[in-house]
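*Asks:* Here's a structure for you.
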Amino acid sequence: MKDHIRNIFRAFGYRNYRLYFLGQSVSFTGAWIQQVAMGWLVYRMTNSALMLGLIGFTSQAPAFFMAPFVGVLSERNDRRKILIFVQYFFMVQAGLLTLLVLTGTVQIWHIIILSILLGIVSGIDMTTRHTFFVDVVEKKEDLANAIALNSAMFNGSRLIGPAIAGAIIAAAGEGICFLINTLCYGVVAVCLSMMRINRKYSNTSIGEIDFIGEISEGNKYAFSFRPIRDVIIIMCAVFFFASPFTVFMPVFAKDILKGGPQTMGILMSAMGAGALVGAIIVAARKNVSGLSTVLLVSAFLECAGLAVFSLSKGMWISALSVAAAGAGVMIFNSSVNTLLQVLTDDDKRGRVMSFFIMGFTGIIPLGGLMQGWLAGKTGVPAVVLSGAVIGAVCTLLFLFNLKELRPILDKVYTKNGMITETVDI
């Protein structure tokens, strides 16, 4: 039993990872508090599902365009220093939002502009952060465990953050939520400053980098290798059709379940609880054997949970179904992340992982924007149900390629030294 527990938490053997985990735990909790508060604020001000989709789009879409350039930059420069810089920018953005809300002067155009700025810096943060694992975890065989524990932490904060946000919004309003998030970024900066990174960087200046040539090389590398290409395609399909449902949580909480901010907090926490369970399951895996099958099962689980959630009118069924969807989302995202990390050569990891970030910051918001527009015509539940069905169909199509891909993947994993034995992925 002790060995099993030690295996789940083996990435904590690295001091840098412990500092990273602590800082990100605080940061993600603050981010979830702000996200819930932002959704509630926007819906309270506008009563518009389309506006929820628009804010989700503007807060992430800029990162879609930033990711490829940051992917190149992060391969050549000190990723820790980049991450410290963006924490201070995040503090300024969240501080301005806090000031506007607490003084009662906030307008929807303020939120849109600040969301765009958030999206730009998030592109730098997310792309750099997802390639930073190779700096804080020295052994490749522990990389998948570190990613899974990071997902567990992310979704543990999703369990705690929304519940805190719901209580604070009801008691003191959205402004205090934004203030808490502002303070959280300072903790992250301190933890990053305490790390000791052994990796040497060329520290190439921006002016010396041929971004277009490097990005083109990365694109050719990713899409000429079928395993990476197919993982990116299924990722984009699920992200576009199924994953945008979180932006509509205020609608389900207020209009479908006839509740308030506490109801929204319960739904988001239920999703976080399911995701946390999924993260623990992934972290307990000793290697990447069978991971592509796990990816497919998790996609079906996400879509099934969403289908039930879209049809539910009761609180308990809604909470349980969104928890199932949360588990599916987490396992799917972690599987995609791990597959792309271990399939990619070290010198191209930043550029390939930029596709993962572009999925989060471009595909999901674009899907949310489209679904927000459709929701005005057909209703939110119908849109979420349709997205779940289409996502399941796309996953089924990917299933047909799996048998053909397995021999290729076996060779890649053995070559890259991720595990010692030949695996059935």
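Coordinate-derived values only; no laboratory data. Computed from a predicted model, the values in this text were never measured in an experiment. Here the Cβ is made from the backbone with ideal geometry for all residues, glycine too, and neighbour counts use every protein chain on show.
*Asks:* Given points 7 Å out from each Cα along the Cα-Cβ axis, report the Lys81 to Ile108 separation in nanometres with one decimal.
*Replies:* Computed distance between label sites Lys81 and Ile108 equals 4.3 nm.
*Asks:* Then there's this: Let me have the 222 nm mean residue ellipticity of the chain computed from DSSP H runs of 4+ only, each contributing -39500 (n - 2.57), with the sum over all residues rounded to the nearest 500.
*Replies:* Details: 17 runs with 330 residues, N = 425.
Estimated from H runs of four or more residues: -26500 deg cm²/dmol.
*Asks:* How big is the charge dipole of the range 107-258 about its Cα centre, in debye rounded to the nearest 20, if each Lys and Arg gets +1 on its Cβ and each Asp and Glu gets -1 on its Cβ? Could the numbers behind the result be given before it?
*Replies:* Working: 12 positive and 12 negative charges, 63 e Å.
The calculation lands at about 300 debye.
*Asks:* By how many nm would the segment from Ala170 to Phe211 grow when fully extended, if each residue of separation counts as 0.36 nm and the alpha-carbon distance is taken off? Each step should come with its number before you reach the end.
*Replies:* Working: separation 41, 0.36 × 41 = 14.76 nm, distance 4.75 nm.
Difference between extended and current length: 10.0 nm.
*Asks:* OK, next. Using a Gaussian network for the chain with springs between C-alpha atoms less than 10 Å apart, which of these wobbles most: Ile212, Ile363, Ile112?
*Replies:* With Cα springs under 10 Å in the chain, the top fluctuation among Ile212, Ile363, Ile112 is at Ile212.
*Asks:* Dipole of the chain, Cα-centred, from +1 at each Lys and Arg C-beta and -1 at each Asp and Glu C-beta, to the nearest 20 debye? Walk me through the numbers before you get to the answer.
*Replies:* On the way: 33 positive and 23 negative charges, 111 e Å.
For this selection, approximately 540 debye.
*Asks:* In whole Å, what is the distance between the alpha-carbon centres of the range 152-180 and the range 1-74?
*Replies:* Answer, in whole Å: 13.
*Asks:* Once phi is turned into θ = phi - 60°, what whole-Hz ³J(HN,Hα) does the Karplus curve with 6.51, -1.76 and 1.60 give for every residue of the range 292-302, x standing for Gly and Pro?
*Replies:* 5, 5, 4, 4, 5, 4, 5, 5, 5, 5, 4
*Asks:* Here's another thing I want to ask about it. Within 10 Å, at most 10 other Cβ atoms, and a DSSP state outside H, G, I, E, B define an exposed site. Report the longest part of the chain free of exposed trypsin sites (Lys or Arg not before Pro). Working shown, then result.
*Replies:* Working: sites that count: Arg196, Lys200, Lys258, Lys313.
Here the longest segment lacking exposed loop sites spans 1-195.
*Asks:* OK, next. What are the residues whose amide H is under 5 Å from the amide H of Ala242, where those residues sit 5 or more places off or on another chain and H is modelled from the backbone?
*Replies:* none
*Asks:* By how many nm would the segment from Ser224 to Met194 lengthen if fully extended, with 0.36 nm per residue of separation less the alpha-carbon distance? Kindly include the intermediate steps, with their values, before the conclusion.
*Replies:* Working: separation 30, 0.36 × 30 = 10.80 nm, distance 4.00 nm.
Separation in residues times 0.36 nm, less the Cα-Cα distance, equals 6.8 nm.
*Asks:* Report the extension gain between Leu183 and Trp373 in nm, rounded to one decimal, defined as 0.36 nm multiplied by the number of residues separating them, less their alpha carbon distance. Walk me through the intermediate numbers first.
*Replies:* Details: separation 190, 0.36 × 190 = 68.40 nm, distance 3.49 nm.
64.9 nm is the gain from fully extending Leu183 to Trp373.
*Asks:* Place a +1 charge on the Cβ of each Lys and Arg in the range 34-131 and a -1 charge on the Cβ of each Asp and Glu, then give the dipole magnitude about the Cα centre in debye, rounded to the nearest 20. The partial results should precede the final answer.
*Replies:* Values: 6 positive and 3 negative charges, 29 e Å.
Using Cβ point charges on Lys, Arg, Asp and Glu, the range 34-131 gives about 140 debye.
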